[in-house]
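Chemist: This is the structure I want to talk about, given as structure tokens.
The values are calculated or read from the model by the stated rules, or taken from the named source; none is laboratory data. Just so it is clear, the model here is predicted, and its values are computed rather than measured. Glycine also receives a Cβ, built like all others from the backbone with ideal geometry; neighbour counts cover every protein chain displayed.
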Amino acid sequence: MVLKYIQKPKCIILAVIPANQDIANSDALDIAKVADPERERTIGVLTKLDLMDKGTDARAILENKTVYLKRGYVGVLNRGQKEIDEGKDFAFILEKERKFFAEEECYKHMAHRMGTPYLQRLLQKTLRAHIKACLPDVRHDLSKKLSLYTRELEDFKAALGSGSNSKQFYMTKQIQNFIEDIEIKLMGHSELIDMSELSAGAFINFKLYTEIQNKLKLALVPDEQKIAVSIMNMHGIRNLLGIQPMVLEGVCRDLISQYKNPLQDSVDTVVAILLDAVTKSAETMKSYPNLKNDVLYAVQRCIDKEADSTKERLLSHIDSEMYYINLGHPDFDGAVCEPVKPVAEPVKIWDSAGREENCSPANLTLKLMENESIQQKVQYVTIIIMKYLEIVQKEVSDVTIKYTVFFLIKKVLDFIKKELVPTLVDSGHMSSLIEDCEEIFRQKEDLDRTCSSLQTALDAIQSF
């Protein structure tokens, strides 16, 4: 157990040795040698000099000639059991000790460096010298620690602020860290971008121009039979002369309506990436679970709201495309349809139907498709619709990207940057959120006390 302490290189060892025993077999010196093999830190204390056999003395040991110790030996006398029983005080034994070394022929020449008072002075001197020798290293270590902890404390103060609202200030700063992280993930423009994998913004860009564009490339082909029936039904009991615009509009509306589901799926694709990015950015607040949960809840609600709004706007755009078929669009070239444009003249539709008077409407539809004039009209309407749908597809693709970026991504980012903090402050949960940061404030107080203690220690060393 003693070894645990005396093995420390800065420890001074007192080896207490009874003078009436063989010094060569001293346990104290043996243990001291294990910890101090060079005998540089060991002071020998020789006791029971007054109990040695007659005719023997410890002069050689005290003169450091038997077992050499760099710091030498000091002889002392202790109270015996009889003296303790008689109640002899320390003053008595100190006087007895002084006379012993002054009067004993073998010790009188070294009496000035024998005895308990001398041992006390020697230890004080040794300890003081030892401390002074160690002070530069101790001062250096303490200064390094103080400098390190002071920097940490300054960082704490910068992060935590001061005053009665310091905790709210700190929590707001954690939210700002989240805001900065999600903004970098979505918008880039920072030296802090992640270089290990694609950011959420880059991934959204990839999805907008690949998966989402592919979803919107619908193979919209007009049903020629439906066109033929529409042409006939639009005229009703009237004879067929030309092609009513409502035929084209009706078929176009039916085809354009097919964009509605892909558009909503496209918004959901971007929403999934946004939610994943928000969840990852929220890891900046993982030490504050209440704050993290409230931030996620507020942002996810905003994403859901803006996603629904974006879908509504996109569906409204489709409704407008369905409502008005703009054949006057600058990109629509009607000239390509001229070669197949049917002549506007009365058409005898049923001449090819034969004399079957009892044909059902279903059978008449098949016979209708055999009429050459109807075929020309159907072909003409089909070409117009296909050319017009090319324009619609381009516009829908373009609008989907613009609406998604503006009405979803920008709106969500605006909420995060401008409204998230006020929303959380006004939610009434700030007190529970502040509980998350109690530990960090305790750490600051501990660090403050540590810096104060280190400074006190350095001041004490300076004045030693």
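Chemist: How do the helices (runs of 4 or more DSSP H) wholly within the stretch 364-455 filter down when requiring 1 or more residues that are at negative phi, surrounded by fewer than 17 Cβ atoms within 10 Å (Cβ to Cβ) and modelled with pLDDT of 75 or more: which remain?
Modeler: Working: elements: 372-403, 411-414, 420-426, 430-434.
Correct list: 372-403, 411-414, 420-426.
Chemist: On the basis of being assigned to a helix (DSSP H, G or I), surrounded by fewer than 16 Cβ atoms within 10 Å (Cβ to Cβ) and touching a residue at least 40 places away in the same chain (Cβ under 8 Å), does residue 287 make the cut?
Modeler: Values: assigned to a helix (DSSP H, G or I): no; surrounded by fewer than 16 Cβ atoms within 10 Å (Cβ to Cβ): yes; touching a residue at least 40 places away in the same chain (Cβ under 8 Å): yes.
The answer is no for residue 287.
Chemist: Would you tally the residues in the stretch 12-65 being of a type outside the set (Val, Ile, Thr), surrounded by 14 or more Cβ atoms within 10 Å (Cβ to Cβ) and part of a helix (DSSP H, G or I)?
Modeler: So the count comes out to 9.
Chemist: Quick check, is residue 73 assigned by the TED database to the domain that holds residue 44, touching a Leu at 6+ places or on another chain (Cβ under 6 Å) and among the hydroxyl-bearing types (Ser, Thr, Tyr)?
Modeler: It is true that residue 73 is assigned by the TED database to the domain that holds residue 44, touching a Leu at 6+ places or on another chain (Cβ under 6 Å) and among the hydroxyl-bearing types (Ser, Thr, Tyr).
Chemist: Now for a different question. For the stretch 72-177, which helices (runs of 4 or more DSSP H) that fit wholly inside it have 2 or more residues that are surrounded by 14 or more Cβ atoms within 10 Å (Cβ to Cβ)?
Modeler: Values: elements: 81-85, 90-103, 116-160.
Fully inside the stretch 72-177 and qualifying: 90-103, 116-160.
Chemist: Here's another thing I want to ask about it. One residue is enough: does the stretch 326-343 have a residue meeting the conditions surrounded by fewer than 17 Cβ atoms within 10 Å (Cβ to Cβ) and modelled with pLDDT of 85 or more?
Modeler: No, because not a single residue in the stretch 326-343 is surrounded by fewer than 17 Cβ atoms within 10 Å (Cβ to Cβ) and modelled with pLDDT of 85 or more.
Chemist: Restricting to the stretch 299-318, name every residue that is surrounded by fewer than 19 Cβ atoms within 10 Å (Cβ to Cβ), over 15 Å from residue 397 (Cα atoms) and of a type outside the set (Ser, Thr, Tyr).
Modeler: Scanning the stretch 299-318 gives 300, 301, 304, 305, 308, 312.
Chemist: Return the residue satisfying two criteria in turn: it lies in the stretch 255-279 and is of a type outside the set (A, V, I, L, M) and without any contact (Cβ under 8 Å) to a residue 24 or more places away in the chain, and of such residues it is farthest from residue 222 (Cα to Cα). Can you show your working first?
Modeler: First, pick out the residues of the stretch 255-279 that are of a type outside the set (A, V, I, L, M): 257-262, 264-266, 268-269, 276, 279.
Still in the running and without any contact (Cβ under 8 Å) to a residue 24 or more places away in the chain: 261, 279.
Details: 261: 19, 279: 45 Å.
Checked the stretch 255-279; the qualifying residue farthest from residue 222 (Cα to Cα) is 279.
Chemist: Search the stretch 110-124 for residues that are on the phi > 0 side of the Ramachandran plot and pair each with any residue that is surrounded by 15 or more Cβ atoms within 10 Å (Cβ to Cβ) and aromatic (Phe, Trp, Tyr) when their beta-carbon atoms are under 7 Å apart and the residues are at least 6 apart or on different chains.
Modeler: 115/101
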